[in-house]
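Read-outs: derived from the displayed coordinates by stated rules, not from any lab. Just so it is clear, the model here is predicted, and its values are computed rather than measured. Counting neighbours? That spans all protein chains shown, and the Cβs are built from the backbone with ideal geometry, glycine included.
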Amino acid sequence: MKKLISISLFTILFLSIFNVSEAQIRIPKIPRNPKIPKTPIPRVPPIQNFTDVTGVYRGERGIYIYMKKIGYNEVYGLIEWDYAAVVFKGKIEKRGDNEVIVNQYFPVPKGNSINSTEGYRVSIGNIYIKNSGRTVAFTHTFESFRQNYELNKTTSRSFYPSKDDSGFTGPSGAGFTGTWECNDGGRYYMYQKSGTRGDEPNLVWFGESANTRTPGFTNIFVGKVRRTTTPPDEFGQRRSVYEIKGKYVDIPKGRASGKGELTLRGDWWNLGRTAVVGGFGGSTWRKNRDLEVNIQRLEAISPDACGSMDFFGYTTIGADRKNYGVSEGNDIRPNWKHRAKWEYDRYGMVNISIVLKDDDDFGCGGGDDKVDINPQPGSDDNIRALGLFLAIDSQGHIYQKKLDGTRGDKIGRVGQAIEMRGNSCSTAWNDPSSGNSDEECAKITFKIDYVFE
């Protein structure tokens, strides 16, 4: 109100000073609907409607391609021969009059040739889409060999491969490369790529649920591995821990049809799911690998009747047993090796045993003597008091079992040389008063390793 009064007083004062009437003052008229110049809106090109290549493509010489188009132009898929398998991730682009899937290719260890390992030497070109998506074509080069493929879309599951599912695998390799078993019942063929930069994917897999013509699920995963290290354990050893993040897509080799994101955490032998977006069922993975027991050195502690020990014996890895012939000497390096596949028992452990004896002929008293390599006290009639009975957990820790078969003290870990010696033996031949037993005693040096080749 004060503002209006002050403006009116100013107007009266102005008119009186300059002797101007109100009629002489012209106030410009402001149009009711002023025209504002229009700014031209840039034309947005129409979104390209790329061909949907989701489906199964079948070609000559037992080759199949399983593809899934995601969103605007993203494509995930698998090329599968009877000797190799390759995961790819790409985008559909327009090249002149053609639609082309420009891909990154990742060999996975499923197959029976060198092509399925880290030394993969096959080059695959871009995939060309023809006949409105009913046909795809690409060129496959292996060293000086060049092969052009054309594959036609099939909707009949009778043409799906019946043997090229989970029935064969390539050898495992460094890092995460290898075959893995998952608690969803599937087998996963992982490949870790070295030398990647930035956010470029460096781990892929192809997973499938069963060795059937139409598995319940088949999926591929494309992600990134990042490494951290744990603090030293009681043996002064550090352990690498990895986090893996990426996308998974179900491809139409199986019946499932989903997609989402996964985060995993673990090491080169065991992985666990920590986060999931989507309906992915699996949550734990274990890498298939062999165990090898290597008996590196045997040293006699008690004297032998004939002056020199004749060591022989056996080792077991799970249910697999290997026998060793006689090696003579009081300090020998037999380098006995036992390699076998294995399974966890119901307690999540792998069971291993080492049992030794001394071969005595008639001139040395006759009969074979038991050899004590177990530091635990116990009766000579109890084999567990003489031999070594061990258990390995999923982290590679090695425990000595107690005489009742339960888990005892930790004695080392996989990859570490371990020394053990018996404690219930005589120091003079056939002299029970000098010790707790008239059996032989020895010190053993052995090592347990994972083997991937």
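Within region 219-264, which trypsin sites (Lys or Arg not before Pro) sit in a loop by DSSP and count at most 15 neighbouring Cβ atoms inside 10 Å?
R238, R239, R255
Within 10 Å, count the other beta carbons around each residue, average over each peptide in 441-449, 51-59, and list them highest first.
441-449, 51-59
What ranking do S424, S209 get, fewest neighbouring Cβ atoms within 10 angstrom at the top?
S424, S209
Taking the Cβ of I220 as the centre, find all other residues whose Cβ is under 13 Å away and add up their charges (Lys, Arg: +1; Asp, Glu: -1).
+2
Pairs of Cα atoms under 8 Å, at least six residues apart: use those to get the relative contact order of region 290-451, whole percent.
Relative contact order for region 290-451 comes out at 28 percent.
Return the long-range amide H neighbours of N183 (sequence gap of 5 or more, or a different chain), with a cut-off of under 5 Å between placed amide H atoms.
S283, T284
Could you pull out every residue, at least 5 positions away or on a different chain, whose amide H is within less than 5 Å of the one on C441? Hs are placed 1.01 Å off N in the peptide plane, and Pro or chain starts have none.
For C441, whose amide H was placed from the backbone, the distant partners under 5 Å are I301, S302, D372.
On a C-alpha basis, how far is the centre of region 206-248 from the centre of region 293-345 in Å? Whole number, if you could?
What the calculation gives is 36 Å, centre to centre.
Can you sort L78, L151 so the residue with the fewest Cβ neighbours within 10 Å comes first?
L151, L78
Can you sort Y83, Y149 so the residue with the fewest Cβ neighbours within 10 Å comes first?
Y83, Y149
Give me the net charge of V86's neighbourhood, meaning all other residues with Cβ under 12 Å from the Cβ of V86; Lys, Arg count +1, Asp, Glu -1.
That works out to +1.
Note down the net charge around I411, summing +1 for each Lys or Arg and -1 for each Asp or Glu among other residues with Cβ under 13 Å from its Cβ.
+3
Could you run the Karplus curve 6.51 cos²θ - 1.76 cosθ + 1.60 with θ = phi - 60° over region 64-75 and give me ³J(HN,Hα) per residue in whole Hz, x for Gly and Pro?
Using θ = phi - 60°, the values come out as 9, 10, 10, 10, 9, 8, 10, x, 5, 8, 7, 9 Hz.
Using θ = phi - 60° and the Karplus relation 6.51 cos²θ - 1.76 cosθ + 1.60, list the HN-Hα couplings for region 249-259 in order, rounded to whole Hz, with x at every Gly or Pro.
Computed from phi, the couplings for region 249-259 are 9, 6, 10, x, 6, x, 8, 6, 9, x, 7 Hz.
What is region 317-367's relative contact order, in percent, from Cα pairs under 8 angstrom and six or more apart in sequence?
Relative contact order comes out at 39 percent.
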